[in-house]
1. In square nanometres and to one decimal, what's the mean projected area of the convex hull around the Cα atoms of segment 98-153?
2. Order 123-132, 34-43 from most to least packed using the mean count of other Cβ atoms within 10 Å.
3. Filter 181/210; 181/220; 66/97 down to the pairs with a C-alpha to C-alpha distance above 22 Å, please.
4. Indicate the helices, whole DSSP H runs only, in the chain that combine a mean Kyte-Doolittle hydropathy of -1.0 or more with a Cα extent along their long axis of 20 angstrom or more.
5. Please give every one of the lysines within straight-line cross-link reach of residue 283, meaning a C-alpha to C-alpha distance under 20 Å, and leave out same-chain neighbours fewer than 8 residues apart.
6. Cα to Cα, under 17 Å, and not fewer than 8 places away if on the same chain: which aspartates and glutamates meet these conditions relative to residue 54?
7. Using the heavy atoms of the protein chains and a 1.4 angstrom probe, tell me the accessible area per residue for segment 17-57 in square angstrom.
8. In the full protein assembly as shown, how much of residue 113 is accessible to a 1.4 Å probe, in Å² to the nearest 10?
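The values are calculated or read from the model by the stated rules, or taken from the named source; none is laboratory data. Computed from a predicted model, the values in this text were never measured in an experiment. Note that each Cβ is placed from the backbone with ideal geometry, even for glycine, and that neighbours are counted across all protein chains shown. The area values use the complete protein model at the heavy-atom level, side chains included, leaving out ligands, DNA and RNA. Shrake-Rupley method; radii C 1.70, N 1.55, O 1.52, S 1.80 Å.
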Amino acid sequence: MTSLRVAMIGYGFMGAAHSQGWRTAHRVFDLPAEPEMAVLVGRNAAAVDQAARKWGWAESATDWRKVVARDDIDVVDIVTPGDSHAEIAIAALEAGKHVLCEKPLANTVEEAEAMAAAAERAAARGIRAMVGFTYRRVPAVTFMRNLIAEGAVGTINQVRASYRQDWLVDPDMPLAWRLQKEHAGSGALGDIGAHAIDLAQFVTGQNLAKVSGVVDTIVKERPLQGSGSGLSGTAATGYGQVTVDDIAIFTGRFESGALGSFEASRFATGRKNALAIEVSGDKGALAFDLEDLNSVHFYDRTAPADRQGFRKILATEPQHPYVAAWWPAGHMLGYEHGFSHQVKDLVEGIVQGNDPHPTFADGLRVQRVLEAVERSSANDSAWAPVAVDVPVQAG
């Protein structure tokens, strides 16, 4: 295999990010096959054609079904809203295409179960499927996972994870698809809370067994897009109902018995993209913050008392995950590099015949946690068990 021809379906913000990964991965890493950016697919012919030319795709199309059926397409990358993930992914897998699908895997547990089952059937034929939880591939995060697996923090007692943004604080922000349940499935919980959940399970190697929490919608109605809004000084002429959550706060009990606290908010004023996690154990602690994404902070409780305290480890050495292919030590990586790492892992998995993590089974596990949080909130925050399924793959 010398090349993998890729079709990407969808071309919004995530389309730009994924395109960056497809463009650069083979130029940085010595991949066993070279990705070819063959087709970009979207409903608006003029807009998708413009995006294709801007991002480096060879051609554009408007019918994803025809593209998935093409014999010259090897990989389908799905960056559409969640309401179309299941249909596209299952069709692509059944057509013999490898699939990369943005998170969360689906809008419902039932859809995610169907997708995981399709991926399992496809794997028997050598077809691979992966979910785009890209923050796993920040070098500092993967390094944090490795340190925990080596026993750096000892027995895990507590996990704190949060993902906070503030882009919905203004009540005049228009009603976008992310605020409509029929398109997005859920709000802050599924969009960014899914990242916090996956990160916690990934770095600890442990699954959440049950949760107790609450979700809330702070602004219930917003201006319809195109109707004018207070942001431009023009009064809105129409409003629509927000049908997803703005904020989710919950506690989780891991299978080991360790407790976790989680927060996902689009109303954290002043926080633009603040993903953070801290893992505390009987021998030490590790902490990561996306706003300082080249670093991990380590507390060694076994050190002499006069030398204890969190110390910052700059994860830019060639020995750190993914870093050797990039720049000299101390030269920082950014948000976009995770998408190149994602392509690297996917291409290597496809060619080597291994399931690249996170698999659709991993995505289903996160989906079941999301469902359990909503179930708990609807039941006065009573503890809700997470349905049992396959263990999270360590990767």
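1. Value for segment 98-153: 5.3 nm².
2. Those peptides, ordered most packed to least, come out 34-43, 123-132.
3. Table pairs above 22 Å Cα-Cα are 181/210.
4. Span-like helices in the chain: 13-28, 109-123, 337-352, 360-378.
5. Cα-Cα hits under 20 Å: 312.
6. Partners found: 36, 336.
7. It amounts to 48 Å² per residue over segment 17-57.
8. Here the residue's solvent-accessible area equals roughly 70 Å².
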